[in-house]
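Since every read-out is calculated from the coordinates, none of them should be taken as a lab result. Note that the structure is a prediction, hence the values are computed from the model and not measured. FYI the Cβ positions are ideal-geometry reconstructions off the backbone, even for glycines, and counts take in every protein chain you see.
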Amino acid sequence: MKVHEYQAKQILRDAGVAVPEGIVAKTPADAAAAFDKLGGSIAVVKAQIHAGGRGKGTLKEHPDQRGVQLVRSREEAEQVAARLIGNTLVTIQTGPEGKVVNQVLVEAGCNIARELYLGIVLDRSAAKPVVMASSEGGVEIEKVAEETPELIFKEHFTPDRGLDDFQVRKLCSKLNLAGASVSSAMRFMKGLCRVYSELDCSMAEINPLVVTADGELMALDAKISFDDNAIFRHPQLKELRDRTEEDPYELRAGDAGLSYVKLEGNIGCLVNGAGLAMSTMDLIKLHGGEPANFLDVGGGANVQQVTEAFRILLDDKNVKAVLVNIFGGIMRCTTIANALLEAYKSVGFNVPLVVRLEGTEVEQGRKIIADSDVDIITAEGLTDAAKKVVAAATGATA
């Protein structure tokens, strides 16, 4: 689960991690009032969407305007907010469709001496979280890793212990931090590690992490995401979810207990098991097709859940054919077959449907389909299924 920058910063602030003072504004008038309340001579107005690259992103309605802008008066803050709020911001992470800005963060200006990078993710090879730091703040860490990997410094830690003092000092040495900045780094880095561990984060990134003129470290930007599987342990985090930032199909699938990711192709995939789903998508691409989604109904889905899965697939106007690829283990082929017929009665099939069944109760499942009057293309084996669905999507003959 992702949260907005202002929400991430409040979490850090509550944990004692230094962040600039800021106020969320949902209207231009709110932005002007926020500038006054902050009381400084400059402020920054920042679009709040679930995507990075906002500073370089452009507004569809005002291509000369960026998603992060410096302002020097309440009037300027109001004008910038008016251009941002309600309009679509396109960044390197949103794709060409962009995201609508519903609110902005008006933040106090900061006297910046240096910009650094600090992030925490799980290093699966070490089975530990890893702190990554770099002197190249304000630059995408992927670009740094590709072009100058020697400028990324790493320290692993365990969730129960956190980052040790000597590890902070090592990072400070490599980042050329000295004096008061080392004491500030102790508080900042250790606090960020506590947030990561205690709230079951999947990623915590501060980019840029700035060193102010007086040597203090401060999070000029903050991006935090949480492990969906651990949200039940943190009920306070559920309140931070912004459903307007999420794909409506993925929301529907999540509400039904399904795993769904929307893709760019035109072949819908309904599969049980993530590994089988990946193999199915690979085979579709191998035979010249493009998957429209990743949809995993899992091993214990019932008829209602599978029916909802079909509704989601068939509601997508980009889908020109659907491949149902089921290997019945816990999931029974008869459940899928009955769900197919139920979905046909409920929503109808307006695109070709290719079905490949194997595993538990496969013969009974195939018989249910064969005895029905529903126009379904059956397949024997993965390759046959992939060829047939690609042909169906293009109107060719397999």
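Which whole-number percentage describes the relative contact order of the chain, with Cα contacts under 8 Å and a sequence gap of 6 or more? If you can, show how the numbers build up before the last one.
Values: 830 pairs, mean separation 48.2, N = 398.
In percent, rounded to a whole number, it is 12.
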Cα centroid separation - the stretch 234-268 against the stretch 274-347, whole Å: 17 Å
Partner lysines for LYS345 [C-alpha distance under 29 Å; skip if fewer than 8 residues away on the same chain]: LYS262, LYS317, LYS320, LYS367, LYS387, LYS388
Order by protection proxy (mean Cβ within 10 Å, highest first), peptides 184-196, 311-323, 341-353: 184-196, 311-323, 341-353
Distance between modelled label sites at ASN102 and GLU290, nm, 7 Å Cα→Cβ extension: 2.9 nm
Inter-site label distance for THR378 and LYS128 at 7 Å from Cα along Cβ, in nm: 5.6 nm
Computed [θ] at 222 nm, helices only, for the chain once each DSSP H run of length n ≥ 4 contributes -39500 (n - 2.57): -11000 deg cm²/dmol
Distance between modelled label sites at GLU264 and GLU358, nm, 7 Å Cα→Cβ extension: 3.1 nm
